[in-house]
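Peer 1: Here it is: the structure, laid out below.
Derivation of every value follows stated rules applied to the coordinates shown; laboratory data play no part. Nothing here was measured: the structure is a model prediction, and the numbers come from that model. Here the Cβ is made from the backbone with ideal geometry for all residues, glycine too, and neighbour counts use every protein chain on show.
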Amino acid sequence: MNKSWAVIGIMAAVIGVVLIALFAVGATLVGQYNAIQLKDEAVNAAWAQVVNVHQRRADLVPNLVNTVKGYAAHEQQTLTRVIEARSKAVSMAVNIQNAQTLQDFQSAQGELQSALARLMVSVEQYPNLKANKSFQDLQVQLEGTENRITVERQRYIEAVQDFNTFIRMFPTNLVASYFGYSEKPNFTVENERQISDAPIVNFN
């Protein structure tokens, strides 16, 4: 009888240990899954801000073009390039899980930035335009938007780096793989260099 109770006691202890272990593993997996969700949402939120600031720049372009057109009729070719670059940039559909669409987005935004920079260089020879209050206001808004773009792009880069590093770590990599999460593409070094080498938008 005592042996039976001893066996039952051992079995109960083993079951208890197994249950505790399963609970600990389950809690770890749940924690890892929830952490992945938080970091994934952080990437999405950062991307939304990137889109917002780029859209803000695009929204300024029509007024800028119309203002310049009134004073610098000879800059039609430059204005056309700005308009075309804006059209390409705003029509860009991006899937941040797809490296190619992200690269295309970078290229289109870089082209718009370059076109705007060249436009600003051109208007230097039009003192009446530079003295125009509407043009000055647009300059200030555009300069502020360019600064915000730099900030939000960097925040996005950091959010993606954080997400990618996290899902490569053990045991998170197992959870991520099971639920279909993989590394996200980021802004490429090549495109970042192309954008940084574009003519500087100098509003002074």
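Peer 1: Which of the listed residues, Gln139, Phe170, Gly180, is farthest toward the dipole's positive end in region 63-201, when Lys, Arg count +1 and Asp, Glu count -1 at the beta-carbon?
Peer 2: Final value for the positive-end residue is Gln139.
Peer 1: Give me, ordered by chain and number, the residues 5 or more places off Lys184 or on other chains with an amide H under 5 Å from its own placed amide H.
Peer 2: Amide H to amide H, under 5 Å and 5 or more residues apart or across chains, Lys184 pairs with Asn164.
Peer 1: Can you give the Rg to Rh ratio of region 60-154, both from alpha-carbon atoms, with Rh computed by the Kirkwood formula? The partial results should precede the final answer.
Peer 2: Numbers: Rg = 14.5 Å, Rh = 14.2 Å.
Ratio value, two decimals: 1.02.
Peer 1: Can you figure out the FRET efficiency of Leu174 with Glu41, using R₀ = 30 Å and their beta-carbon distance, to the nearest 0.05?
Peer 2: On the way: r = 21 Å, r/R0 = 0.70.
For R0 = 30 Å, the calculated efficiency reads 0.90.
Peer 1: Let me ask you something else. Obtain the nm distance between the two label points defined at Asp162 and Gln125 by a simple spin-label model: each point lies 7 Å from its Cα along the Cα-to-C-beta direction.
Peer 2: With each label placed 7 Å out from Cα toward Cβ, I get 4.9 nm.
Peer 1: Return the distance in nm (one decimal) between the two label points of a simple spin-label model at Lys69 and Thr150, each offset 7 Å from Cα along Cα→Cβ.
Peer 2: Distance between label points: 3.1 nm.
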